[in-house]
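The values are calculated or read from the model by the stated rules, or taken from the named source; none is laboratory data. No experiment lies behind these values; they were computed from the predicted model shown. Cβ placement follows ideal geometry from the backbone for every residue including glycine, while neighbour counts extend to all protein chains displayed.
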Amino acid sequence: MAILRSERFSAVLLLAAAVVGLVLANSPVAPAAHAVEAFHLGFPGIDLSVGHWIKDGLLAVFFFLAAIELRHELRHGELNSPAKALVPTVAAVGGVIVPALVFLLIARGDGLDQGWPIPTATDIAFALGVLAIVGRSLPPKFRALLLALAVIDDLIAILIIAAFFTKDLQPIPLLLAVPVILLFGWLSHRMRTGALPVLIVLGVLAWTLVLLSGIHPTIAGVALGLMMADAPAARTRHALEPWSNTLILPLFAIVAALVPLPDAKLSELSPAFWAVIVALPVGKLVGITAGAILAGRLAPRGSSLPLGDVIAIAGLGGIGFTVSLLMNELAFGDRADVADQVTLAVLLASLVAALIGGVLTALRSRHYARLSPR
């Protein structure tokens, strides 16, 4: 059904799932909900809780689809040449550096600085969903730049996960994963009838080996998506997108938002809470805008958008949500009190960014509607 692929529907469902998670965590059924999340399902060599199967397993499918989209953009879309890629790339880098610096300025000491990656991410599904709701009269280049920016942003987030959240690296499973991923890519380029089950087995094997290596297993999804040939990748994305929109991302949002509201005064909240509240909507807005302006001065004429469009895109870029929640889990997984507060901060900051970006985008859409002939 078309609605299951709708960006608007996906964004609304994602927000509703987060609300469900918050309600469950602050209701009489909270102990039962946490018991379900903590219930372990194991196989030989792997023993994960339901929550980790969702965060480490199902979310790898989301990253797999994001990597397919990135590959498409690199080969056929807005990133298929250095000139096209310059503005979104520099804007994305600015949208990572500035929020990280804002976080570090506010959340200093007590080990809180390890949370600096949390406000660096942009949620593709949520940002495009807001755009689809309020930006109907915008030119196609507006969405293309937002998509390219979000995809590059997620790629940077993936590199951050690999570089800063890998503990107790086990080199042998990692080395074994490399030929498995290469074989997956090779077979996808020589797709024959009956090859799909083999690709699925190789994909699961690659995910398992990356998990056993100590690297966050969503990296396996990224590697597989980047290696897959165009035609089968497009078919796979078409088949999996409804499942990602209606099951994977909502389940992750419920589990990630399953936190109790802090019983504390505003002055008692962690500096990490306030750092995220400021860094996501404000840091992203400033960083992306500054990066786009800088790149616009270097890019060929006609390859950049008007400043009003850039600011609106930067506003939408502050919607962190999915990847920011994952970063929080990785950064403060051993500090539940801080993690719970930062989860709430991510939800609130993303909502603020959605409102700011939505208003700015609606204004730009109205501007283009007035310019277009009736």
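Looking only at residues in the range 159-189 that are under 20 Å from ALA67 (Cβ atoms) and not hydrophobic (A, V, I, L, M, F, W, C), which one is surrounded by the most Cβ atoms within 10 Å (Cβ to Cβ)?
SER188
Of the numbered conditions (1) buried (at least 21 other Cβ atoms within 10 Å of the Cβ); (2) among the β-branched types (Val, Ile, Thr); (3) free of Cβ contacts under 8 Å to residues at least 12 places away in the same chain, VAL29 fails exactly one; give the number of that condition.
Of (1) buried (at least 21 other Cβ atoms within 10 Å of the Cβ); (2) among the β-branched types (Val, Ile, Thr); (3) free of Cβ contacts under 8 Å to residues at least 12 places away in the same chain, only one is false for VAL29: (1).
Of all residues in the range 139-189, how many are at pLDDT 90 or above and not in a helix (DSSP H, G or I)?
0
Can you name the number of the only condition in (1) in contact with a Gly (Cβ under 9 Å, 6 or more places away or on another chain); (2) assigned to a helix (DSSP H, G or I) that GLY51 fails?
Condition (1) is where GLY51 drops out.
Can you report the number of residues in the range 1-26 which are closer than 18 Å to PHE126 by Cα and surrounded by fewer than 11 Cβ atoms within 10 Å (Cβ to Cβ)?
Residues flagged as closer than 18 Å to PHE126 by Cα and surrounded by fewer than 11 Cβ atoms within 10 Å (Cβ to Cβ) within the range 1-26 amount to 1.
Confirm whether PHE126 is aromatic (Phe, Trp, Tyr) and crowded, with 24+ Cβ neighbours inside 10 Å.
Judged against the criteria, PHE126 is a match.
Taking only the range 234-292 into account, find how many residues are small (Gly, Ala, Ser), touching a Ser or Thr at 6+ places or on another chain (Cβ under 8 Å) and farther than 24 Å from ILE3 by Cα.
Total meeting the criteria: 3.
Does ARG370 meet the test of being of a type in the set (Lys, Arg) and either in contact with an Asp or Glu (Cβ under 6 Å, 6 or more places away or on another chain) or touching a residue at least 40 places away in the same chain (Cβ under 8 Å) (or both)?
no
Of the conditions (1) within 17 Å of ALA67 (Cβ to Cβ); (2) modelled with pLDDT of 90 or more; (3) out of contact with any Phe, Trp or Tyr (no Cβ under 7 Å at 6 or more places or on another chain); (4) of a type outside the set (Lys, Arg), LEU251 fails just one. Which one is it?
Unmet condition: (1).
If you go through the range 294-306 one residue at a time, do you hit one that is crowded, with 24+ Cβ neighbours inside 10 Å and at pLDDT 90 or above?
no
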